[in-house]
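Nothing in this text is a laboratory measurement; each read-out follows from the coordinates by a stated rule. Since we're looking at a predicted model, the values are computed, not measured. Counting neighbours? That spans all protein chains shown, and the Cβs are built from the backbone with ideal geometry, glycine included.
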Amino acid sequence: MRLIASYISGLIFGIGISISGMANPAKVLNFFDIAGTWDPSLIFVMGGALIVTFIGYRFVLRRPAPTFETSFKLPTRSDLDLPLIGGSALFGVGWGIAGFCPGGALPALGTGRSEVIIFTVALLAGIFAAKALQRFAASRAAAA
């Protein structure tokens, strides 16, 4: 049942991303081009997502536990550190350059377009590089 719920959630997310245009890098890049061909329509997509999240979290977190887990997996840290700020900045710059974010690129993989595949490969390479860098930094800290 957990697998079916995950599939349905992913399907709804992917359809929403596709319908909203978030899987189209030209639409996303036009959103960032304020001085040129600005397309403000993604403000409504993001605003809608914020409203749903705001209401949804309050509704869901009233429950003692999720339906298919024993507890909620929520962040425990609230501080701002260099990895968080740097990662956020890198995410934003990458989104602005490529026109894709992971949430928009993964549903767009179904199109088979080369730029989506290249972005996804680069995304995965970045994830593995970040993990390797974290392991390296942890081993250096442990040795010191």
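Using Cβ counts within 10 Å as a stand-in for footprinting exposure, how do K27, K131 rank, fewest first?
Ascending number of Cβ neighbours within 10 Å: K131, K27.
If you plug each phi of the stretch 126-131 into the Karplus form 6.51 cos²θ - 1.76 cosθ + 1.60 with θ = phi - 60°, what whole-Hz ³J(HN,Hα) values come out, in order, with x for Gly and Pro?
With coefficients 6.51, -1.76 and 1.60, one gets x, 4, 5, 5, 5, 4 Hz.
Using 0.36 nm times the number of residues separating F13 and A65, minus their current alpha carbon distance, what extension gain do you get?
Result for the pair: 16.5 nm of gain on full extension.
Tell me, what is the FRET efficiency for D33 and S114 to the nearest 0.05, using R0 = 30 angstrom and their Cβ-Cβ distance as r?
0.85
Only helical DSSP H runs with n ≥ 4 go in: add -39500 (n - 2.57) per run for the chain, normalise by residue count and round the 222 nm mean residue ellipticity to 500 deg cm²/dmol.
When only DSSP H runs of four or more count, the value is -23500 deg cm²/dmol.
Which of L82, L74, L123 moves the most in a Gaussian network model of the chain with Cα springs under 10 Å?
L74
Gain in length, A122 to S41, computed as 0.36 nm per residue apart minus the alpha-carbon separation, to one decimal in nm?
26.4 nm
Quick one: in the stretch 2-143, what % of C-alpha pairs are over 18 Å apart?
Counting every Cα pair in the stretch 2-143, those more than 18 Å apart make up 70 percent.
Mind telling me which of G104, G48, G14 comes out most flexible in a GNM of the chain, alpha-carbon contacts under 10 Å?
G48
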